[in-house]
Each structure stands twice: as structure tokens, then as C-alpha cells.
Amino acid sequence: MFETLSDRFDQIFTRLKGRGRLGDAEVDAVLREIRVALLEGDVALEVARDLVERIRVRCSGAELSKSLTPAQQVIKVVNEELTATLGGESFTLRYASIPPTIVLLAGLQGSGKTTAAAKLAMWFKQQGRHPLLVGADLQRPAAVEQLKVLGREVGVAVYSDSSDPVAVAKQGVAEAVRVGRDVVIVDTAGRITIDATLMDEVRAIRDSISPNYTFLVIDAMTGQDAVQTASAFHSTLALDGVILSKIDGDARGGAAISVKSVVGRPIVFVSTGERVGDFESFHPDRMAGRILGMGDVLSLIERAESVYDEQATLATMESLRHGRFTFEDFLEQLQQMKKMGPLSSVLSMLPGLPKEMKNATIEDRDVARIEAIIRSMTPDERINPVLIDGSRRLRISHGSGTTTTEINNLLRQFKEMQKMMRSSVLAGGLARATKGRKKKGGRVTPSSK
Amino acid sequence: MRFRRNREVETRGAEEDGGEFGQNLLEGGESGGVNPAGLEPAGLDPAGLDFVNRDEAGSGGDPKVEDDELERTRRSRFGRSRGILRAPLLGLGRRQRVDERTLEELEDALILADVGLPTAEFLLDQLRSKLRSKELSGDFEELIHELEASIAALFSGEDRELHRSHLRTTVWLFVGVNGVGKTTTIGKLARREIAGGHSVVLAAGDTFRAAAGDQLALWSKRSGADIVQGADGADPSSVVYDAIAHAHARGADLVLADSAGRLQNKSNLMEELKKIRRVADREPGEVTEVLLVLDATTGQNGLAQAREFARAVGVTGVVLTKLDGTAKGGIVLAIRHELGLPIKLVGLGEQIDDLVVFDPIEFAAALFDEGTRG
């Protein structure tokens, strides 16, 4: 997905090269793509609309950054907006001054409440608390049975009987007081939001136990309905937070942002797997990248921006413009890249690199060898590799601890690279570069004969 | 009144696509004996398979009652919010003639129903070209009518039958991600099949989730079906195979095999599922249906679910559950449009009778219920 979204951006922005600002036409085109990406990621329509408007405001007429491509720049803005919407106030759980602290879980059928209840119990245990699980889901066959099995697994007692959910919840809390448990987690039956009787029932449960925290458990795969589900539960129960389940799937999880926007309460936990330990606090930044379908790339962009040495890049671009890409420039590029992390992920983000190079497979240990070879060259050789004859080759191979075959390969690849660099500068439509190259070409061609 | 109009749409769809087939199926299981074998889709072995609707002689009375019941349930549930239906859209229609903004609002309505952009655009493009060619006058009612018809047409000719094996024990395998309602669907279907005169064995193939077997056992009690369970954590393939062997020995003709919910990106779990299917297909069993159970609240990930499960175990149809909530389940439109999978059954609640045959006409109409919020 990153490939497609970022490629689409790149395509839109090719028209932009050599200009200092984002134009309205480009911004419009990009915002359309963003809208598509958000909707494909299941962000609710109205929420996506709001986001796109906010992004438009920030992008129109924005100055182009020197260290990022326009595409990356826009993605960065999108990411910031998403993260801000998902994050906001952070959640700190306060324990009731008079124990027990009561947590009520509610949600649709199959959203993962029972599993979340057990995982939450385990989490509290790890915090040094002594939770009690209360099974108030008397609707689904064997739901209490499931909770008991999970309770055994996490080593937390489960209270339930088969009277009625409100009574069970109430007695569960009383039981916790009696046996001195300091946290009570009440699992309720899944319910659809338009079933007034069931919604009344969960409200009655809440009223009878006055929980300190009421969490909505919602499936990360939920589509547009997330808005209705969240607002219905919120208006019935006044939610304190959200638990997002099943995010170990490949759903993009736009529901997270929909729910957050509607309820205005933080997403507290995410459920990341089928095992009871797969339960974590929520990280807005990771979720933002996921909704856009771009994963870790966003953080790489941030790193690229902070690490990339603008001056060095400009110098390289300058020599590119004159059609001179030397081993010195190459070495400089390698140094820059190494600062950012694994080469394979970094290569694709370097501004101005042609596609062919992005797809080239270069291993990190290869880089060390390439560096060694270049460092064994004299300054003259680095600028003018044509000088490197058989005996120089042998010297370089001794100096770098490589074979002459490797040196030959590098020289050949480097030549290819030079060609690509020139053509990509040309394709970029930089008038100055074109002129410079022509002039240069005019001089060089005859003498090289 | 609403209903009458639907029928018109249906007739039109049928004419266009030679979809008599679909019409029969819309009547639930009532069409015993009507389905000519010639309508069977190519590629299936007519000798080895039978139609669910072609009930054995002597069992014709009960299923009819059952299906009338189902029919009633469906009408009332689907008809639930008919009044609020398309009030906003209709208001819009009264105000103005159809223009680009109207079309955009229709697209929004489709997106809100989780149809997804590609399929929504496909449908809207159809409308646009018909408006351009003056095939449509630009009257709003007519436009909606046309849209519903083209949605229903996407499903025309789909094979909604639940097939049976003639020579071996029929196995229907239920697959899907966690929490979509596989076990509940099996429970309801067991009741329905038993009422239809079949002898049913449930295979508790979900040996992973805590107490999943107990849950299925309760459904077996409610429906009167036999159940074969393994220990928690047992190899699901062996449990399913045992159930088939049990069914074969007891002369039962249908095994409904549950499987643990699994996210489609977990390759080891998908491999496990492939094994279950392979084993279930051995003598004396034959897997004639692999049904993907899909939660109506699912968004665009539903497409990935359908694609991956189909790739792994050859899904033969989709069961759309929880359609009694506010979610529209529009993703099945994309699944049908992009992957060509038929939608076979719809779950409308937690009661044992809340399982009905998928009806594209009702589905299309329901997509726009309360369709424009915000």
C-alpha cells in the first residue's frame, strides 16, 4: 500500500519539480488520493472528510522542504494530523480510593470482550493488583465457561451465576469486597445497538455497580459502522475509553480514528493476538501509519528529515546537475544512508533517486565492502574512475581486502548509476541541468574519442 | 408498496440475466423439486451433488413450515427500518433533479454501507453512462430504482444452493476470522437442516478458543444434532474426521464442521485450515461447501478475508452475520463484484431461527436504509 500511495503521490508531484511551493492543482489531486486511502482504511466518511480539510489547509501553498520530496512532505502532514486525532489526551488509570476499582466492558457480539476481560485481568495482575473477573454474559452459550477457562489461564478467579446479568454484576462486586480483591472486571454480553432492551440492560448494570471505568471493546476490522456503534454505546454508558481488538490482523484499523473522533475518549489498550499476554497500551503514531497503510515508513521519513544533512545533499544534487556523479558523492550518500538504518528500507526514500535504484537490492554488509573499495582509491581515481587500470585495481584490492572481480563489478555498477543519475536529472526537467550537460557533452565527447 | 416495487426490480433483473434461478432461490426452501438440474453451474458434478432445496420425499411438509417461519422473520427484520428508509434521499429527490451532487451523495451512501470505493464507483459509473445516454431521465426515484436493480444484478446468477454429496457423507466446513459467528451459524443451520429431515452431526473443530466446544454443545442440545468433541487443544483435523466417521457409522448424512476463528494473515493457522479441509475430504466424507462467515460490521478488510480464505480452502460461499444491527454488510457487494463469491445465507440475530437465504433485492434496498447520516 505504501508503494501505491507514495507512488501515486510521486506521480502527481513530478509536475512540481523545480517549483518552490505546492500548487493548488497538485494539492487537490493528492487530497483525493488521501481520501481514497482513508476510506480504504475504513476511516468513517465524515471523519475522513474533516481530516482531508485540515490537511488541505496545511498543505495549500506550503513551502517545499529541502530534505523531503513533496510526496513525503504531504505524507508527513497527513501523519501528523492522524496522530494528533488519535492521540490527544493520554490515559492514566487511577485506582479508586476505596477499592475495588470497577471496570465494565461492553461491545457488539464477537468484538472480543471476553478475551479482553481476561487480558485486562492479566494486565492488572502485572501491575501488582488482585483482580476478580465477573461473567455477566449470560446470553451467549458457554460465554461464562470461556471466561472461567481464560481466568484459570491467567490465574484470576471468576465469579458468575446464572440469575440475571444485573444481579451477577452486583454480586460480583460484593464478592470482590468480601474476598478483598482490589479490581473487578465485568464482562457483559455482546449486544447490537438498536436493541433497546439490551442497551437498557447494560445501562442497568452500569447503574447498579457504578464502574470507575467503562470501556468499549471494538474490533479493528470494523467498517463505517464503528461511528454508530461507538456513539450508541457512548450515549448509553458515557464511555471512559476504548479497547481495540484483533489488531494483529491485516485490517488497516480506521475504526480507531472513527471511534476516537466520535467518543472523544482515548484508545487505552490494543489486543494484539490470541494469547492472554497479547495486550498493549495504545500508540497513536503506529496506528496512524497503519491506517494510511504505510507502517514504519512514516517514522523513517521523520528520521530522514532530522538526520539528512541538507548541505551535503545539495552538494550532491549540484554535481548531479552538472552530470558529474563521482565516487566521492557516492561515498557521501552511503554515509548519509548509514545514519538512517537498514539500507533496504532507506533506499526507497531518498529524494531524487530513480526508481531503478530504489528497487536495487543492496545488503548492508555489501555496503561495508563498497566503502572499503572506495576508501582505497586515490582522490583522482574517485573523481575519474577511468584511471583505474589493472595495476591500480590490484592495489585497491589489496588495500580493501576485496577481489578484483568485486572492484570490476562496482566500477561497472557505478557507470550504470552515473547514466541513470544523468537521465533522471534530465527527466526531472531541470533546465539548468540540461543546459549544463549539453555544454559538457559537447566538450567531452570529442576528447574521449 | 415498497415490496411490490422490489418485485418489479426482481423481474427486470431476472429478464436481463436469465435469472429465473435466482428467483427460485429467493423463495427460500419452498421450491422443492422445481430446480431443474440443468441450472447447475458448470464444473460441478451433477451426479455427486444435490440441492438443498430438493428435499427428499416425505420430508416436504416440515421444511415448508420452517421456511415460512424463516420467511416471516426475514420480512420483519429486514423491514424494520423501512419507514426511515430513504427519507433524506427522497427529500433530496423532491427538491431537485439528479445532478452530479446527487450522484456523489449516492456514492457516499454506498461508502457508508461499507461497499468500498472501487465497487461504489463501478455502480455510479453505470448510472452516469445511463444518464448520459438518456436511458435514465434524471428522475430521482428512477435513479434509486436503477441503482438498486444494478446492485441486485451483481448477485444474479449466483449459486446460492448448499450442495450435498450423493455418495459420501456431506461436510460443510465453516471458516472465518475470530468473533464473526461461526459457531452460532452452525447451531442455527443444524436446527434448520434437522427440520428439513436431515440427520446432522456437529464437529467441534474449534479446539483453540476456550469453551468453544461447550458453546457448540449447547447448540447441539438446542437443535437436537449429535456432536463430536475433542479435548481442548486437540488436533482440529482429527476431531472433524472423527465426526465424519461417527456420522458415517450412524448413517447421518450431514456434518457441520466448526473451525477456530483465525485472522487470514496468520499463515500457520491458514495451513492448519487447509489440513482440516484435506482431511475432511477423505473417505467417507466429502466437503461440498466451505462457507466463509463474515460479520456485517466488517469494513474493507472483508475483501482480504474472502480472498485469503478462498485461496487457502476454496470458499464456496459467504454467510453474512449480524445483519440485524446498524451495519449494512456492503462489503459483500465488493466480494461478489471483485471475487465472484456467492452470498448464500444471512444471519439476523441470536435466535435459533434467525438464519435466512440471502435475498439481493432486500439487501440492496436495506443498503440505503438510514443511508445518509452526518
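Bear in mind these aren't lab numbers, they're just calculated from the coordinates by the rules spelled out. Small disclaimer: the values here were computed from a predicted structure and weren't measured. FYI the Cβ positions are ideal-geometry reconstructions off the backbone, even for glycines, and counts take in every protein chain you see.
Quick look at the values:
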| quantity | calculated |
| --- | --- |
| Mean projected area (nm²) of the alpha-carbon convex hull when the range A:101-285 is viewed from all directions | 9.5 nm² |
| Label-point separation in nm, A:Thr405 to B:Arg132, each point 7 Å along Cα→Cβ | 6.0 nm |
| Ordering of A:79-85, A:212-218, A:188-194, A:251-257 by burial proxy (mean other Cβ atoms within 10 Å per residue, highest first) | A:251-257, A:212-218, A:188-194, A:79-85 |
| Sequence of B:Ser137, A:Ser65 once ranked by neighbouring C-beta atoms within 10 Å, starting from the fewest | B:Ser137, A:Ser65 |
| Alpha-carbon centroid distance for the pair the range B:278-293 / the range B:125-160, whole angstrom | 38 Å |
| Residues whose placed amide H lies under 5 Å from that of A:Tyr159, excluding near-sequence neighbours | A:Leu133, A:Val134, A:Gly135 |
| J(HN,Hα) series, the range A:202-218, from Karplus relation 6.51 cos²θ - 1.76 cosθ + 1.60, nearest Hz, glycine and proline x | 5, 5, 5, 4, 4, 4, 7, 10, 5, x, 6, 9, 10, 10, 8, 9, 10 |
| Over 30 Å (Cα to Cα) - which of A:Lys76/A:Lys125; A:Lys260/B:Lys188; A:Lys125/B:Lys322; A:Lys119/B:Lys266 fall in this group | A:Lys76/A:Lys125; A:Lys260/B:Lys188; A:Lys125/B:Lys322 |
| The range A:83-161 shape via C-alpha gyration tensor axes, a/c threshold 1.5 | oblate |
| Average other protein chain Cβ within 10 Å of Cβ, residues B:165-174 | 0 |
| Förster radius 25 Å - calculated FRET efficiency between B:Asn268 and B:Leu167, Cβ distance, rounded to 0.05 | 0.15 |
| Cut-off under 5 Å, modelled amide H: who pairs with A:Thr101 long-range | A:Ala96, A:Val183, A:Val184 |
| Under-5 Å amide H pairs with B:Glu289, H placed in peptide plane, nonlocal only | B:Val171, B:Leu173 |
| Per-residue HN-Hα couplings for the range B:196-204 [Karplus 6.51, -1.76, 1.60; θ = phi - 60°; Hz; x = Gly/Pro] | x, x, 8, 9, 10, 10, 8, 9, 7 |
| Rounded FRET efficiency, nearest 0.05, which uses the C-beta distance separating A:Arg49 from A:Ser162 and R0 of 41 Å | 0.30 |
| Label-point separation, A:Leu394 to A:Asp207 (7 Å along Cα→Cβ), nm | 9.7 nm |
| Residue order, fewest to most beta carbons within 10 Å, for B:Leu202, A:Leu198 | A:Leu198, B:Leu202 |
| Distribution of pairwise C-alpha distances over the range A:132-214, 5 Å bins, in % | 3, 16, 26, 26, 19, 8, 2, 0 |
| Gained length - A:Thr92 relative to A:Val177, 0.36 nm times residue gap less alpha-carbon distance | 28.2 nm |
| Karplus (6.51, -1.76, 1.60) ³J(HN,Hα), θ = phi - 60°, over the range B:289-306, in Hz, Gly and Pro reported as x | 9, 10, 9, 7, 8, 10, 6, 4, 7, 5, x, 5, 5, x, 5, 5, 4, 4 |
